[in-house]
Amino acid sequence: MRVGCVARNRVESGRKFQERIILPMRDLLFMSLALDEARLAWLAGEIPVGAVAVRAGRVIARGRNRKEEKRSALSHAEIEVLEEVGRVLGDWRFDEVTLYVTLEPCVMCAGALVQCRIGRLVYGCADPKGGAIESLYQLAGDVRLNHRFPVTGGVLADEASTLLRGFFRQLRRR
């Protein structure tokens with residue numbers, strides 16, 4: 001397995017540190033595809049969050065935020081992808097699927113990941129105001145729930161965060 005190195009910022013006791021983490025190249029590749037979906041969301045006037053589902057090393061579904069397009073609060077990138085994965089697999093159990101998403105999932109999306117028995121989650125940047133994987137809640141590892149799954153956070157976090165900041169900066173200027 002080839003690996004790539006990526007820098008990630010972390011905060012400890014109020015001080016900011018930069019650490020280097022080693023990631024499998026496949027995580028970087030698939031997260032870059034999720035970032036492509038996020039860019040498409042921005043072009044469509046949506047909050048730029050993208051997601052890609054992978055099974056056995058192949059992309060089986062792609063998605064992005066479509067709340068404005070569908071006029072539905074449920075149309076987060078993760079939900080869009082999970083619905084497509086269900087159609088592709090013909091099942092609701094996704095234990096062999098890894099989901100790559102550019103932003104840490106919210107409570108709704110994290111709950112959906114538990115319900116569909118996702119195999120693994122990889123996310124880009126943390127969501128300190130709404131993240132339900134590690135920031136505000138830790139649903140992926142909560143022993144009170146019927147399913148837990150491994151998580152890798154911070155993959156291409158700077159790129160994902162830059163996209164989100166740019167989108168909201170542009171929105172405020174209007």
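The values are calculated or read from the model by the stated rules, or taken from the named source; none is laboratory data. It should be emphasised that the depicted structure is a prediction, and the values quoted were computed from it without experimental measurement. Backbone-built Cβ (ideal geometry, glycine too); neighbour counts: all protein chains shown. Each accessible area value is taken on the protein alone, full model and side chains, heavy atoms only, with ligands, DNA and RNA left out. Shrake-Rupley method; radii C 1.70, N 1.55, O 1.52, S 1.80 Å.
The table below lists the values:
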| item | result |
| --- | --- |
| Cα Rg over Rh - the chain, Kirkwood | 0.95 |
| From phi via Karplus (6.51, -1.76, 1.60), per-residue ³J(HN,Hα) for region 109-124 in Hz, x at Gly/Pro | 6, 5, x, 5, 5, 5, 4, 8, 6, 4, x, 6, 10, 10, 10, x |
| Full-extension gain in nm, S135 to V107, via 0.36 nm per residue minus C-alpha separation | 9.0 nm |
| Computed magnitude of the charge dipole of the chain (debye, nearest 20; Cβ of K, R +1, Cβ of D, E -1) | 420 debye |
| Probe 1.4 Å, accessible area per residue of the chain, Å² | 55 Å² |
| Protection proxy ranking of 41-54, 98-111 - average other beta-carbon atoms within 10 Å, highest first | 98-111, 41-54 |
| Relative packing of peptides 90-97, 142-149 - highest average C-beta neighbours within 10 Å first | 90-97, 142-149 |
| Solvent-accessible area, 1.4 Å probe, carbon plus sulfur percent, for region 30-84 | 49 percent |
| Whole-percent carbon and sulfur share, accessible surface of region 99-174, 1.4 Å | 54 percent |
| Order by protection proxy (mean Cβ within 10 Å, highest first), peptides 157-163, 29-35 | 29-35, 157-163 |
| Anisotropy class of region 106-151 from Cα gyration tensor, a/c 1.5 cut | prolate |
